[in-house]
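Rule-based calculations on the coordinates, nothing more; no lab input. Worth saying up front: this structure is predicted, and the values here are computed from it rather than measured. Neighbour counts are summed over all protein chains in view; Cβ atoms, including those assigned to glycine, are modelled from backbone coordinates with ideal geometry.
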Amino acid sequence: MNRLRRMAWPLLVLPLALMAWSSLQGWRASNVLAEAQVMQQWLVQPSDERLQQLSYTERSQVISEQGRRDQFEWKVRQAEADQGSLRLRQALAWLAYWLALAALLAGPGTWIKLRIDAWRALKSRHYLYNHLSQSWQVIGRWLVTYTGLLLAAIGISLLYELSYGWSHLKGGGWAMALVAIPVLGVMGIGVSLIVRLRKRWQAMDTPVSSVLGRGLSRGEAPGVWAWVEGLATQLGAPSPDHIVVGVDQSFFVTCVNVTMQPSGQTLSGRTMYLPLPYLCTLSQQETAAIVGHELGHFSNRDTERGSEVSAHFRLMCEHFELLRAENPDPSWIERPALWISAQFLLHFQLAVHHWGRAEELLADRSAAQVAGTRLFGQALLRVVALEREVRPLLDDRQHSNLIQALAEHLQRTPLRLDDQVLEHTVTHPFDTHPPTALRLRHLQVDIDAELLAQATRMPRAQDRQWFAHLAQAPSPCKLAGASA
């Protein structure tokens, strides 16, 4: 956080520094022309009053009046010969100043806009759903504009110095070429940043999630489809368009395009993901409650769009991490864009989590309609306890059959539930689940000894076999092998 906070300073410092430098450049050009005019007037009619209008260096030289006249004539001729370049440098300094001023306004303006948009998203779910991607795109264009204004101001200031060096080539002006080299390097970094910003923001159009699993067609598993559709009918919710079974996620539904691995098939529409490790350790009634919760997300368009928004936001976070990883030690010209992007994600995250949790609590009501609040609470506790054991097995990657490995592991290791586990959330690739304890309090489910005993029981034979029978498969291992 402190590192990101340090990145905020260049947002204002860079434009202000460019404004100061371009003002100095403009003064340098204007001063040469003004002093040449004073010298010319003195040559026509010498006057001590006019000498006072010259710089201290010009006035302090102790030379004869004839020597001063010769010096002034030489400087006037030099200024007249270079008048075109001086006028050009005045215009360049003026243009660089106003470009830097525009950048000074665009940077804080971008930050103010994102704060207003994030505040509105926190107050209105519909605003979040309708404007998240639009706000991200607008912020991206503003960042490109801000960086472009800085680069233009830097480039024009560099042209000023090169013009000065060319006019004073015999007086050491060639040294300006040495100054140009690092400035051109900074400009190259800025141009690269603009290219990367445009690339990252344009890639936000079509988020796709990748999961390890395989689809269950209606012809292949009519029992599973009939069971899920029966639950959807009970809740008055739309049925999924696709059912996918796999081993590396928990239960979820989404309307985002899903690419299945290793087949590479892409599914569009409503997709329901059923995790085999849980299907072989939960009872059918417990699973029905969990599936009822997921179907609750399809019950109206707002809850359905919640997964789309969460998927878009997750993709935004991934793009920001990639943008930051491309240069772990960003230059000054890159830091404002990275800071603004981080601020956008930080403030919109509050809105995404707020409304995501609200939708999860609403979907919990759908789960309660399927099997009652107590049974859903039992199923929720069991999923949380199982997840604690399943995740290390998934990370291990040494088991040829995860279902069998989980069954053997649970024979040796009883499930546990404590206060720390209850504060955990059920993992989900799209939505934001509240802590389990909060969900149970919202459902008014008391955590007593009987509920804990049922939630942490050792898997029974019917727990391990009911889904295989429903899917008309000889064993869950066959489905697990097909999806792994």
Percent antiparallel among DSSP beta bridges confined to region 238-354, rounded to 5, stands at 50
Exposure-ranked with fewest Cβ neighbours within 10 Å first, W339, W119, W466 stand as W119, W466, W339
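Based on the Cβ-Cβ distance from Q137 to R87, what FRET efficiency comes out when R0 is 45 Å, to the nearest 0.05?
0.60
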So for R0 = 25 Å, FRET eff. of A226-H442 from the Cβ-Cβ r, to 0.05, ends up at 0.20
For region 208-483 (alpha-carbon point model, no solvent) the Debye-based log₁₀ I(q)/I(0) at q = 0.11, 0.12, 0.14 Å⁻¹ works out to -0.65, -0.77, -1.03
Computed about the Cα centre, the charge dipole of region 208-483 from +1 Lys/Arg and -1 Asp/Glu charges at the Cβ has a magnitude in debye, to the nearest 20, of 480
Residues V253, V224, V183, V195 in order from fewest to most other beta-carbon atoms within 10 Å are V195, V183, V224, V253
Between A20 and R460, the two model label points (7 Å from Cα along the beta-carbon direction) sit apart by a distance in nm of 7.7
Going from the fewest other Cβ atoms within 10 Å to the most, one would list W136, W355, W21 as W21, W136, W355
As a percent rounded to 5, the proportion of antiparallel DSSP bridges among beta bridges in region 208-483 is 45
